[in-house]
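The values are calculated or read from the model by the stated rules, or taken from the named source; none is laboratory data. All figures in this text were calculated on a predicted structure; none of them were measured in a lab. Please note: Cβ atoms are built from the backbone with ideal geometry, for glycine as well, and neighbour counts cover all protein chains shown. Only protein heavy atoms, including side chains, enter the accessible area calculation; ligands, DNA and RNA are left aside. Shrake-Rupley method; radii C 1.70, N 1.55, O 1.52, S 1.80 Å.
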Amino acid sequence: MAKELSPSRRIAAKVIYAALRILKENGGSMRGSDLVDLTGKSLTFTDWEKERYEKTGNIRWESMLHFYSIDSIKAGFLRKDKGTWTITPEGEEALKLDPEALLDKATKAYRSWKSQQPVEAVLQITTPVLSPNDNIAPLEKEITFEQQQSAILEQYEEKAYEGLRQFVLNKNPYEFQDMVAALLASMGYYISLIAKKGRDGGIDIIMYTDPLGTKPPRIIVQVKHRPESTVPSDDIQRLIGTMKRDTDVGIFVTSGDFSNSAKQEARSSGKHIELIDFDRFIQLWQDHYKKMDDKQKNMLPLQPIFFLGVNE
């Protein structure tokens, strides 16, 4: 006779299964915030499952989804990167199991991973920044410190990333163009032209590697502020059409993403085309933030905060 699941694992089984199913049905990848929202809409919860923890204000079922997503990652069912959750082929295969069996397989993988870690990496820390059991009720005591800490840090990272995305989304196209120019200048490029409002002939920024622009290459930059859409291959072709010199290099920057056909167009072009999507833009902004002056920093101000992590 199978052992009856604890209340917390019953929640975990149904929300993890639902989240993986939703990912599969929606192209394989979604922003974490959108996935949590769809998961909540697809299931019916009891009052206890919808209850908020007193100390954190977090909803119980959402916390279980984040806590046990760590097990799914260790099992190879799921990947997370910059707030985006992606189901793997192994995760799609695991959906053939029932929810409880899927969770059991994920948890066994997590325990196997944990057993292989050095002793000092898995010891409970006596005074952690995020106290191990402050965030969960007695019925959830089976959740380990590592699960809690990893899940909580990931939630903070997702919220921080979503905050950056929303900040950029609220910019108008010319403000985003100025942000791109500021980033490129902080990277050591010399800006020769920033297009003014109106028709720009497909060129938003022209820059060089020397102050006078006497040395090749000339770098032509196209900027598209499309947070909610993907750049098609036609836009890449138009950028290529503006590159009249043999030594010209093209950079396409978008606040959204690139379609697969756009990426293929850039790869197969005889010209050097560099693609910068939102994720890469934010990473470059973080990498070069210290080199910016105050005016540049204020276009997208950052504040580093350090939390206790976990040994991976």
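Observations on the model:
- Residue match in the range 88-101 (condition: modelled with pLDDT under 95 and either within 24 Å of the chain's Cα centre (by Cα) or on the phi > 0 side of the Ramachandran plot (or both)): no
- Applying the criterion of at least 3 residues that are at pLDDT 75 or above to the helices (runs of 4 or more DSSP H) found wholly in the range 109-204 leaves 145-169, 173-186.
- Any hit, the range 166-178, residues being among the acidic types (Asp, Glu), open to solvent by less than 60 Å² (accessible area, probe 1.4 Å) and in contact (Cβ under 8 Å) with a residue 12 or more places away in the chain: no
- Of the residues making up the range 65-98, those that are surrounded by 19 or more Cβ atoms within 10 Å (Cβ to Cβ) and in contact (Cβ under 8 Å) with a residue 60 or more places away in the chain number 11.
- Only residues that are surrounded by 20 or more Cβ atoms within 10 Å (Cβ to Cβ) and among the basic types (Lys, Arg) were counted across the range 10-58, and they come to 1.
- In the range 271-299, residue modelled with the lowest pLDDT [restricted to those that are of a type in the set (A, V, I, L, M) and within 22 Å of the chain's Cα centre (by Cα)]: Ile282
- Qualifying residue in the range 208-219 (condition: open to solvent by 30 Å² or more (accessible area, probe 1.4 Å), assigned to a helix (DSSP H, G or I), at pLDDT 95 or above and hydroxyl-bearing (Ser, Thr, Tyr)): no
- Condition check for Thr56: part of a loop (DSSP other than H, G, I, E, B), at pLDDT below 90 and either farther than 22 Å from Lys105 by Cβ or among the aromatic types (Phe, Trp, Tyr) (or both): yes
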